[in-house]
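These notes are about the structure you will find just below.
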Amino acid sequence: MTILTRAEQEYLLRTIESGMALLDRRQLFLWAQGPLQALLPHDVLLCIGLDGSGRVLRVECLHRAVLDAAALERLTQELAPALAQAWRAGPPAPLVLDGEEGDGATAYAALLRSGGCEHALVHGCVPLAGPAGVFVLLGMPSRPEARHGYFLQLLLPYLHLALLRLPAPATLAAAATAVPARALSARERAILERIRDGRTNEEVALQLGISALTVKNHLQRVYRVLGVGNRAHAVARCLALRLL
């Protein structure tokens, strides 16, 4: 059971009251950078809209600092779809993912590190009808605790309604559902599955009984097929398209 302090109760009530009438992106941004910060301090909020099959329809990236085009692309087109898929693969509860290396590293650790993130707090909702919403908090001061997940769970309806009120850009929907130039071969999928699990080219080669050069050549072909530039991008693209 999470026991709220008096200050947290006041912050929560203020955040709910101000979050009930978010009508556009500007209001959502001001709410995220104002009342929401008091309960859930963060640098980046990703609001991800999904269709019934889990495909990404839109990603809204609300951030405090100025992000260059490359960083914004990594967050919206690689990290957001992968983290949404990670949440959908588990129970409908707040999810904490770590970007730290070590024995407890998740399959998404390398992807988080590539986006400059140490941790991610993820939660979403899948209504009986209509699109789903998944929300990701990045750049929190420390690893999210159970009470942070509780706050996000309480505020989830207001985030979801705010996302539904925003017009979806067609370009993001098209990019998320774009079909690769061809289907990946069984060998290419086997290599990517091991890359997803954090294996090096040499480790993949040893497991599959091929040379490291062959692994590299396969990856170069995969990059061209998927329209990506490196290993992390390839894994993120495959996770978004449910190819892995």
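The values are calculated or read from the model by the stated rules, or taken from the named source; none is laboratory data. As the structure is a computational prediction, the values presented were derived from the model and not from experiment. Glycine also receives a Cβ, built like all others from the backbone with ideal geometry; neighbour counts cover every protein chain displayed.
Out of L45, L72, L13, L39, I need the residue that is under 18 Å from L152 (Cβ atoms) and under 13 Å from the mean Cα position of the chain (by Cα). Which one? Steps first, answer last, please.
On the way: L72 fails: under 18 Å from L152 (Cβ atoms); L13 fails: under 13 Å from the mean Cα position of the chain (by Cα); L39 fails: under 13 Å from the mean Cα position of the chain (by Cα).
Result of the check over L45, L72, L13, L39: L45.
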Quiz prompt | From the options L67, L83, residue that is under 27 Å from Q27 (Cα atoms), of a type outside the set (K, R) and not in a loop (DSSP other than H, G, I, E, B) | solution = L83
Quiz item: How many of the residues making up segment 191-239 are assigned to a helix (DSSP H, G or I) and either within 20 Å of the chain's Cα centre (by Cα) or not basic (K, R) (or both)?
Solution: 34
Exercise. Taking L111 as meeting all but one of (1) at pLDDT 80 or above; (2) assigned to a helix (DSSP H, G or I); (3) not basic (K, R), write down the number of the exception.
Key: (1)
Quiz item: Which one is farthest from L244 (Cα to Cα), of the residues in segment 193-206 that are without any contact (Cβ under 8 Å) to a residue 60 or more places away in the chain and either of a type in the set (K, R) or loosely packed, with under 14 Cβ neighbours inside 10 Å (or both)?
Solution: E202
Quiz prompt | segment 51-69, subset under 22 Å from L166 (Cα atoms) and of a type in the set (D, E), residue farthest from the chain's Cα centre (by Cα) | solution = D51
Quiz item: How many residues does segment 115-153 contain that are assigned to a strand (DSSP E or B) and of a type in the set (A, V, I, L, M, F, W, C)?
Solution: 10
Quiz item: Restricting attention to segment 66-94, which residues are among the aliphatic types (A, V, I, L, M), surrounded by 21 or more Cβ atoms within 10 Å (Cβ to Cβ) and out of contact with any Gly (no Cβ under 9 Å at 6 or more places or on another chain)?
Solution: A80, A82, L83
Quiz prompt | segment 24-45 residues that are in a loop (DSSP other than H, G, I, E, B), paired with ones that are aromatic (F, W, Y) and surrounded by 15 or more Cβ atoms within 10 Å (Cβ to Cβ) (beta carbon under 7 Å, 6 or more apart) | solution = L40/F151
Quiz prompt | Check on G54, surrounded by 13 or more Cβ atoms within 10 Å (Cβ to Cβ) and in a loop (DSSP other than H, G, I, E, B) | solution = yes
